[in-house]
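The values are calculated or read from the model by the stated rules, or taken from the named source; none is laboratory data. As the structure is a computational prediction, the values presented were derived from the model and not from experiment. Glycine gets a Cβ as well: all are built from the backbone with ideal geometry, and neighbour counts include every protein chain shown. Side chains are part of the model used for accessible areas, which takes the heavy atoms of the whole protein and leaves out ligands, DNA and RNA. Shrake-Rupley method; radii C 1.70, N 1.55, O 1.52, S 1.80 Å.
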Amino acid sequence: MQIPLRLLRNLHLIAAPFIGAFVYSGALRQSEAFVAFVQWGVFPLVAGAGLALWLGPRLTRRAAGRKGAH
C-alpha cells in the first residue's frame, strides 16, 4: 500500500506548529502531557512523513525498475 504524497505533506505541515510551539514556548515545555504528546506522537509522525516524502519517490522508482528486471 502506498500512502499518497499529498497526505504525507499535509501531515508534515499540520504537525510542524506543535514542534514550533515546543521549541519556542517555555510554558508549554513545563506541561508533561504536552512534552509526551510531542515526543511520542508529533515528532515520530513528522520524522516518518519527512523520510517518506524524501525517500518515497526514490524507492518507488527503484521498485518499478526491479519489476521489469525479473
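Across segment 2-37, what is the total count of residues that are surrounded by 12 or more Cβ atoms within 10 Å (Cβ to Cβ), within 28 Å of residue 59 (Cα to Cα) and free of Cβ contacts under 8 Å to residues at least 40 places away in the same chain?
Total satisfying the criteria: 6.
Go through (1) open to solvent by less than 50 Å² (accessible area, probe 1.4 Å); (2) touching a Leu at 6+ places or on another chain (Cβ under 8 Å) for residue 50 and report which single condition fails.
That leaves (2) as the condition not met.
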